[in-house]
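Right, one structure below, let's go through it.
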Amino acid sequence: MRKKCLDMVHELARRDERVFFVGSDLGFGTLREMQEEFPDRFIMEGICEQHTVGLAAGLALEGKIPFVNTIATFIVRRALEQVAMDACLHDLPVRFIGNGGGLVYAPLGSTHLAVEDIALMRALPNMAIVCPADAEEMERFMETTLDWPHPIYIRLAKGYDPVVTNPDHEFAIGKSYRYGEKKDALLVTTGVGLRVCKDAVDLLEKNGIGASILYMPTVKPLDAEGLCDAVAGRKAVVTVEEHTILGGLGSAVAETLMEAGLGGVPFKRIGLPDVFPDHYGTQHQIMARYGIWPDGIVSTVKTLLERDA
């Protein structure tokens with residue numbers, strides 16, 4: 001997914017001279033071909049993310065479309081003030097590509113885990129948040145970035161993720177996508193959660209429970225109409241995200257449903273609780289530890305349905 005994203009920056013640069021790449025200490029091999037083809041539009045900063053963001057905002061003020069790329073935690077923690085004041089306050093078309101959203105850097109511990117990035121970016125006016133599930137969807141999404149006039153936070157997963165999205169779904173920022181129409185339970189997810197939810201649907205089917213998925217690659221702006229339509233007639237709604245349950249997709253879904261008068265359906269958020277994860281391991285091991293895994297989803301759905309019986 002990461003390679004596809006960066007390759008698409010190069011491809012977009014070929015089409016549009018406004019496109020710039022601004023990286024932060026990403027290594028000499030990053031986008032080498034773009035650097036050779038467009039040396040004046042390839043900028044590799046050192047380890048100074050605040051300056052990187054300010055530089056990109058300056059480019060945007062001059063009519064450019066800069067794509068900023070660094071580790072996700074460096075964007076949303078280290079440079080949050082610059083993202084807010086330099087890019088969002090002026091509503092500039094800066095694209096922030098965050099490597100390793102969620103639990104990707106699990107072997108490095110909590111200092112490297114971007115598990116509150118969606119919540120922080122959601123709170124910033126004008127910021128859009130997009131979390132693609134695989135490389136093919138990333139390509140479809142990147143095609144839309146030239147025309148979006150506002151800042152975007154792009155949450156990258158680990159890379160080499162299996163393709164789970166429907167190629168017939170034409171990507172549009174702010175649009176959700178349905179997978180299945182079973183009525184017992186609705187799983188609402190984003191990013192790599194789509195793969196986990198698809199496996200959970202299969203397990204639920206074996207347990208005699210019909211579940212469907214509402215996939216929301218855009219967390220902000222949220223597709224409120226699509227969400228409310230999908231919830232109609234469901235016996236339970238569960239949100240699934242590789243993120244803290246505070247302020248992320250689950251919070252956005254709950255807020256939307258309550259304000260629409262649909263708060264009566266049994267509802268549960270699956271994600272990290274209000275903790276700094278204190279265990280090391282692989283991304284999948286940490287996800288499973290916190291129930292962000294097919295068997296954890298099945299258990300949650302069963303509990304909600306039994307409570308409603």
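The values are calculated or read from the model by the stated rules, or taken from the named source; none is laboratory data. Everything quoted here is computed from the prediction, not taken from an experiment. As a convention, Cβ positions derive from the backbone with ideal geometry for all residues, glycine included, and neighbour counts pool all protein chains shown. Accessible surface is based on the protein model in full, side chains and every heavy atom, while ligands, DNA and RNA are left aside. Shrake-Rupley method; radii C 1.70, N 1.55, O 1.52, S 1.80 Å.
Per residue, the solvent-accessible area of the stretch 46-146 (1.4 Å probe, heavy atoms of protein chains only, all protein chains present) comes to 32 Å². Straight Cα distances below 21 angstrom link Lys182 to the lysines Lys198, Lys206, Lys235, Lys268, Lys302, with same-chain residues fewer than 8 positions distant left out. Rolling a 1.4 angstrom probe over the protein heavy atoms with all chains in place gives the stretch 206-309 an accessible area of 45 Å² per residue. Looking at the chain, the DSSP beta bridges with both ends there are about 15 percent antiparallel. For His112, put the label point 7 Å out on the Cα→Cβ axis and report which residues of the stretch 72-88 keep their amide N under 12 Å from it. Hits in the stretch 72-88 for His112 at 12 Å: 72-73.
Ignoring ligands, DNA and RNA, what percent of the accessible area of the chain is carbon or sulfur (1.4 Å)? So the carbon and sulfur contribution to the accessible surface is 52 percent. Rolling a 1.4 Å probe across all protein chains gives Trp148 an accessible area of roughly 60 Å². Heavy-atom accessible area with a 1.4 Å probe sorts Arg307, Arg178, largest first, into Arg307, Arg178. Ordered by 1.4 Å accessible area with all protein chains kept, Glu242, Glu225 run largest first as Glu225, Glu242.
Multiplying the sequence separation of Phe28 and Glu255 by 0.36 nm and subtracting their Cα-Cα distance, what value in nm do you get?
Once the chain is fully extended between Phe28 and Glu255, it gains 77.3 nm.
Based on C-alpha pairs under 8 angstrom that are at least 6 apart in sequence, the chain has a relative contact order of 16 percent.
P(r) for the chain, from all Cα pairs and a bin width of 10 Å, is 6, 29, 35, 21, 8, 2, 0 %, short bins first. Cα-based values for the stretch 1-142, radius of gyration first and Dmax second, are 14.3, 40 Å.
Its Cα gyration tensor gives the stretch 158-260 an equivalent ellipsoid; the semi-axes, largest first and in whole Å, are 19, 18, 14. Taken as Cα centroids, the stretch 175-225 and the stretch 51-105 sit 30 Å apart, rounded to the nearest whole angstrom. Computed from the C-alpha gyration tensor, the three semi-axes of the ellipsoid equivalent to the stretch 232-309 are 24, 16, 8 Å, from longest to shortest.
When the alpha-carbon atoms of the stretch 215-270 are used, the pair Rg, Dmax equals 10.4, 28 angstrom. Per-residue accessible area (protein heavy atoms, 1.4 Å probe) orders Leu120, Leu257 as Leu120, Leu257, starting from the largest.
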